[in-house]
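For reference, the structure discussed in these notes is given below.
The values are calculated or read from the model by the stated rules, or taken from the named source; none is laboratory data. Computed from a predicted structure; not experimentally measured. Here the Cβ is made from the backbone with ideal geometry for all residues, glycine too, and neighbour counts use every protein chain on show.
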Amino acid sequence: MTTFIELLLGGVSLGSVYALIALGFVVIFRATEVVNFAHASLLLAGGYVTAVLSDDIGFWPALLTGIASGALVGAAIEFLVLRRYRGSDHSVLAIVTIGVDILLVTDLTRRIGTDVLAVRDPWGDQLLTIGSVSLAQTRVAALLVAGLLITAFLLAFRYTSWGVAMRAAAENAGTAALMGIRLGRVSLGAWAVAGGLAAVAALFLTVFPTPGLERATSLAALKAFPAAILGGLDSTTGALAGGLIVGVTESLATGYQSDLTFLGRGLGDLAPYLVMIAILLVRPAGLLGTKETARV
Amino acid sequence: MGGAALDVTRLSAGYGPVRALREVTLDVPQGSVVAVLGGNGAGKSTLLRAISRTLPYYGGASKGGSVRFGGAPLHTLTADRVVAAGVSQVPEGRQVFARMTVQDNLRAGALGSTGGRAARAAALRRVHGLFPVLAQRAHQRAGLLSGGEQQQLAVARALMAGPRLLLLDEPSLGLAPMMAARIADTIRQINAEGTSVLLVEQNAALALRLASRAYVLEVGEVTLSGPADELAASDEVRRRYLGVVDEDAADDAFRVTEQAGAAGPGGRPPALTRWVGP
């Protein structure tokens, strides 16, 4: 039972980190209708800046710089690349983001090389123990921070002018322009927010129990794709649900791997995709996604 | 809320190689209601989109000519600057943000407003006064409103920016006659409060009752223009847009059919020979 609770809590914490990534993914999709395949490299960029600077300028300034860099890289992709293709088909834009991803990841892996960049975070490998259940402090921090950011984000999305502009642009760009909403600014903002959120997620993907930032970190970020897709690509709440489902599934599958040896090893990495496929079979638009409907 | 005149001079626009507007010249004097009539594909919506600078979102572009509002050029601005200059458009087919609440739709409309919080609150009071149903349904999703309510919301949303000129694209489209008449009353009231209106309509009878001046657009060109009552009385407009059949012309047409019928094989009613068979 203790193992189960530990795995479950660990999964929820991991899931909240995936939710952060998926949320950025969904925000970009809603504001610009672009499926952003460069999201993993956005995360790697933010994480890289945090990891490199944490040695020199201390953890918190490094984290802030990392978040700012993530936002900046996101905004730069929008401004320098995607804006040039405005008016193109959305699938063309999606393919453009694959190109951007290849460029960014190539450069970052060249810089990282074979190193594992450890982040000097204040939590280290300490555990938080309540009764017989113990959980890494990093996991607790991840859960709290992600929960806080997601709440703040959803409130802003619902109540601020920025949120209204974002939702209006997502629903109908031409009509939103008639309202005097600056679509360029909306999509720039979406990319910046997504980059910032990805940088925060990068931190929690590289602290204990993970040794640090390495090439493979962007692969971990890929798990946010099933999270976003199974939640429904255009639903912010769906991104949360998807993130949690993927996190818990991965955690449980990894934890009980020894009982499931007949399925072979590495089930934890595979499980999120299996869940995604299972859910999409039943609900093709994802859990909370909008069904494609056309009124005649 | 002072008005200002809109001057459109030799405006051309199109979608790719397709020319949708050809050197259209029209003006909306300060404080007036001007109607643009025309059938499907006459370029009415293109005209409004060219004025509001939203053609690029529909794959089109302006190709010459000028649009001035109160003397200042609009045709060099971006869509948000046009709204800031005091020109708001109600798009064809209402286009309310269906997944957002009525209240949030109105908030979206106020995003282009240049006034502060007080101006926005005043605009909200004004539209709630014009359309009380929107206050009752503030927290409902706009997609759940009836067609007439959605049209009211679309007009209210455009008014939230505090425009001096309102561009209306087919406000009576798909509405029951009674609802269309109510929308017409509202347009009259909005105009009486000092907002100029450029009204694009297929429902010519309704448009000509509201407007002081009207233009007829055909295949992208202005073919007729003049005071609304004169146009309403002209045979051309009566026959084409008001559905009033010119009796002499109808008689002529009948006679021609009669003769054709008499000349046909076996006195049968006229039919395409190909289908008559041996």
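What the table below lists for this structure:
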| item | result |
| --- | --- |
| Among (1) within 13 Å of chain A (Cβ to nearest Cβ); (2) touching a strand residue (DSSP E or B) at 6+ places or on another chain (Cβ under 7 Å), the one test that B:Ser172 misses | (1) |
| Single residue of B:Gln140, B:Gln189, B:Gln151 found to be of a type in the set (S, T, N, Q), at pLDDT 90 or above, crowded, with 22+ Cβ neighbours inside 10 Å and closer than 17 Å to B:His128 by Cβ | B:Gln151 |
| Residue match in region A:95-109 (condition: within 14 Å of another protein chain (Cβ to nearest Cβ) and under 21 Å from A:Ala22 (Cα atoms)) | no |
| Residues within region B:59-94 that are among the polar types (S, T, N, Q), surrounded by 20 or more Cβ atoms within 10 Å (Cβ to Cβ) and within 8 Å of another protein chain (Cβ to nearest Cβ), tallied | 2 |
| Contacts under 7 angstrom Cβ, first residue in region B:50-72 being under 13 Å from B:Ser12 (Cβ atoms), partner of a type in the set (Ser, Thr, Tyr) and part of a strand (DSSP E or B), 6 or more apart | B:Ala50/B:Ser62; B:Leu55/B:Ser62; B:Gly60/B:Tyr15; B:Lys63/B:Ser12; B:Gly64/B:Ser12; B:Gly65/B:Thr9; B:Gly65/B:Ser12; B:Ser66/B:Thr9 |
| Checking A:Leu135 against (1) part of a strand (DSSP E or B); (2) buried (at least 20 other Cβ atoms within 10 Å of the Cβ), the condition it does not meet | (2) |
| Every residue from region B:170-186 that is of a type in the set (Asp, Glu) and either part of a helix (DSSP H, G or I) or exposed (fewer than 14 other Cβ atoms within 10 Å of the Cβ) (or both) | B:Asp185 |
| Flag for A:Gly238 being closer than 18 Å to A:Ile28 by Cβ, within 14 Å of another protein chain (Cβ to nearest Cβ), under 18 Å from the mean Cα position of the chain (by Cα) and without any contact (Cβ under 8 Å) to a residue 60 or more places away in the chain | no |
| Condition met for B:Val18 (within 14 Å of another protein chain (Cβ to nearest Cβ) and either more than 30 Å from B:Arg141 (Cα to Cα) or at pLDDT 90 or above (or both)) | no |
| Some residue of region B:113-126 being at the interface with chain A (Cβ under 9 Å from one of its Cβ atoms), touching a Lys or Arg at 6+ places or on another chain (Cβ under 9 Å) and over 18 Å from B:Ile183 (Cα atoms) | yes |
| B:Arg53, sole failed condition from (1) touching a strand residue (DSSP E or B) at 6+ places or on another chain (Cβ under 9 Å); (2) within 26 Å of A:Ala176 (Cβ to Cβ); (3) away from every other protein chain (no Cβ under 14 Å) | (3) |
| Residue that is surrounded by the fewest Cβ atoms within 10 Å (Cβ to Cβ) [pool: residues in region A:247-296 that are among the β-branched types (Val, Ile, Thr) and within 20 Å of A:Thr3 (Cβ to Cβ)] | A:Thr261 |
| Only one of B:Ser196, B:Ser225, B:Ser212 that is buried (at least 21 other Cβ atoms within 10 Å of the Cβ) and touching a residue at least 40 places away in the same chain (Cβ under 8 Å) | B:Ser196 |
| Sole residue being part of a helix (DSSP H, G or I) and of a type in the set (A, V, I, L, M, F, W, C), chosen from B:Ala98, B:Ala121, B:Ala138 | B:Ala121 |
| Selected residue (criterion: surrounded by the fewest Cβ atoms within 10 Å (Cβ to Cβ)) from residues of region A:73-92 that are closer than 13 Å to A:Ser187 by Cα and in contact (Cβ under 8 Å) with a residue 12 or more places away in the chain | A:Arg83 |
| Any strands (runs of 3 or more DSSP E) falling wholly within region B:1-88 and containing at least 2 residues that are under 19 Å from B:Val155 (Cα atoms) | B:33-37 |
